[in-house]
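What follows is a short report on a single structure.
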Amino acid sequence: MVRKAGTFLAVAGSLALAVAAVPQFQKEYATVLFSRLTESQQFAALTETGISLPPSVRSERIVLQACEASMRSVLALFQAQTRREALRGNCAGLANAASARAPTSSLAQLLVASTAPNDAEFSRALAVSQATGAFEGDLAQRRFVLAADRIDRLAPEALAALTADITLLVQFPAGRSLVAERYLALPGAREVMTEAIERAPEQSQKAFIAAVRGAGR
């Protein structure tokens with residue numbers, strides 16, 4: 001009798017765990033399906049229906065990357081203001097949920113900055129993203145693009161984060177080209193960029209000067 005009771009409890013416990021896991025599996029599977037959508041379909045899903053934040057780190061990254069890419073896509077430029085606002089609002093909700101769950105997620109903090117309602121929140125999130133992902137070149141590029149044209153509105157901690165990102169970017173060809181383009185396009189940001197570039201190795205400084213000359217032709 002005792003053995004039968006123990007078996008029953010084990011089976012009941014396994015069933016309870018299986019039932020509890022169903023919602024998690026559904027969210028993960030939904031993310032897999034979402035990742036297979038085209039850019040325009042992902043844009044529509046993020047804008048019209050919204051997406052729940054999935055439980056795993058890998059799936060969370062898929063959704064956050066799609067949000068960030070959709071917000072800076074050419075497709076977004078041709079949308080009505082209401083749709084762009086809907087996208088921003090839904091992505092802000094995902095970003096805030098992800099950053100609350102994992103405050104050290106550099107990608108989540110980048111998306112918080114991208115959807116920030118004011119300069120103070122933008123500066124805070126940008127600084128945290130840089131502090132937690134200082135050597136992630138792709139995120140450094142995105143932070144730079146976001147921050148370079150509002151350099152005069154950055155709080156000191158965000159300005160320090162931007163300077164660190166520029167110093168990193170000019171050490172690599174893709175980042176160097178990006179900074180060179182913005183250096184030519186944004187005269188008001190050149191002082192800050194120059195200060196950051198002077199912190200890079202001498203070889204990188206020389207390569208940057210060559211990149212600026214090449215971009216200015």
Practice task
Scan Ala127, Ala102 and give me the residue that is more than 11 Å from the chain's Cα centre (by Cα), over 17 Å from Phe144 (Cβ atoms) and among the small types (Gly, Ala, Ser).
Solution key: Ala102
Practice task
Find the residue count for segment 157-200, including only residues that are open to solvent by 40 Å² or more (accessible area, probe 1.4 Å), of a type in the set (A, V, I, L, M, F, W, C) and closer than 17 Å to Ala215 by Cβ.
Solution key: 5
Exercise for the section: Identify, by number, the condition in (1) modelled with pLDDT of 95 or more; (2) over 12 Å from the mean Cα position of the chain (by Cα) that Ser56 doesn't meet. Expected result: (1)
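Inside segment 6-53, can you point out the residues that are among the aliphatic types (A, V, I, L, M) and modelled with pLDDT under 50? Walk me through how you get there before you give the answer.
Initially, segment 6-53 is screened for residues among the aliphatic types (A, V, I, L, M), giving 9-12, 15-22, 30, 32-33, 37, 44-46, 51, 53.
Passing the criteria: Leu9, Ala10, Val11, Ala12, Leu15, Ala16, Leu17, Ala18, Val19, Ala20, Ala21, Val22.
Please report, ordered by residue number, the helices (runs of 4 or more DSSP H) entirely within segment 71-156 with at least 3 residues that are open to solvent by less than 10 Å² (accessible area, probe 1.4 Å). Spell out the reasoning first.
Working: elements: 74-77, 81-101, 106-114, 119-132, 137-148.
Ranges flagged: 81-101, 106-114, 119-132, 137-148.
To keep it simple, each residue is scored yes or no on (1) in contact with a helix residue (DSSP H, G or I) (Cβ under 6 Å, 6 or more places away or on another chain); (2) over 17 Å from Pro55 (Cα atoms); (3) among the small types (Gly, Ala, Ser).
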residue: Ser73; (1), (2), (3): no, yes, yes
residue: Leu77; (1), (2), (3): no, yes, no
residue: Asn90; (1), (2), (3): yes, yes, no
residue: Ala95; (1), (2), (3): yes, no, yes
residue: Ala108; (1), (2), (3): yes, no, yes
Practice task
For residues that are open to solvent by less than 40 Å² (accessible area, probe 1.4 Å) and in contact with a helix residue (DSSP H, G or I) (Cβ under 7 Å, 6 or more places away or on another chain), scanning just segment 201-217, find the one that is farthest from Asp152 (Cα to Cα).
Solution key: Ala207
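The values are calculated or read from the model by the stated rules, or taken from the named source; none is laboratory data. Every value quoted in this text rests on a predicted model; they were computed, and no experiment measured them. We place every Cβ from the backbone using ideal geometry, glycine too, and count neighbours over all the protein chains shown. When the accessible area is computed, the model is the full protein with side chains, heavy atoms only, and any ligands, DNA or RNA have been set aside. Shrake-Rupley method; radii C 1.70, N 1.55, O 1.52, S 1.80 Å.
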